[in-house]
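Remarks on the structure that follows.
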Amino acid sequence: MGTTRFILAGAAVVTMLASSAFADDMTGMVTRIDRLNGTISIQQTQKGTVGASAGSAGALQEYRTKDAAMLDAVHAGDRVTYSATDTNGTGTLTKLQKQ
């Protein structure tokens, strides 16, 4: 019984972290654009790290896009602000804006 509670508590924490990761606007740098597959890779910029440089790199994530216009608006190396949703374990961009 104690093990079951521990596993369920761990699953709840992971679910909360995963859903909150996509809740706010994030910033990052475009590292790769794949127009054939409709995906874009973004290196997320870490926020709130004491003593780190402004360009401190975070997680690299690949996202699907809703339309090709999002991919045409940016190039590799561009700094962007973006929002995404998680659909069945796949991140999908809902907003992408060049800084």
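The values are calculated or read from the model by the stated rules, or taken from the named source; none is laboratory data. Please read these numbers as outputs of a predicted model, since none were measured by experiment. FYI the Cβ positions are ideal-geometry reconstructions off the backbone, even for glycines, and counts take in every protein chain you see.
Filtering the stretch 60-99 to residues that are surrounded by 12 or more Cβ atoms within 10 Å (Cβ to Cβ) and of a type in the set (Gly, Ala, Ser) leaves ALA73, SER83, ALA84, GLY91. Looking across the stretch 20-58, just one residue is at pLDDT below 90, in contact with a strand residue (DSSP E or B) (Cβ under 7 Å, 6 or more places away or on another chain) and either aliphatic (A, V, I, L, M) or assigned to a helix (DSSP H, G or I) (or both), and that is ALA57. Of the residues making up the stretch 59-99, those that are over 9 Å from the mean Cα position of the chain (by Cα) and among the small types (Gly, Ala, Ser) are ALA68, ALA69, ALA73, ALA76, GLY77, GLY89.
Residues checked against (1) in a loop (DSSP other than H, G, I, E, B); (2) polar (S, T, N, Q):
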site	(1), (2)
LEU60	no, no
LYS66	yes, no
VAL74	yes, no
THR81	no, yes
LEU96	no, no
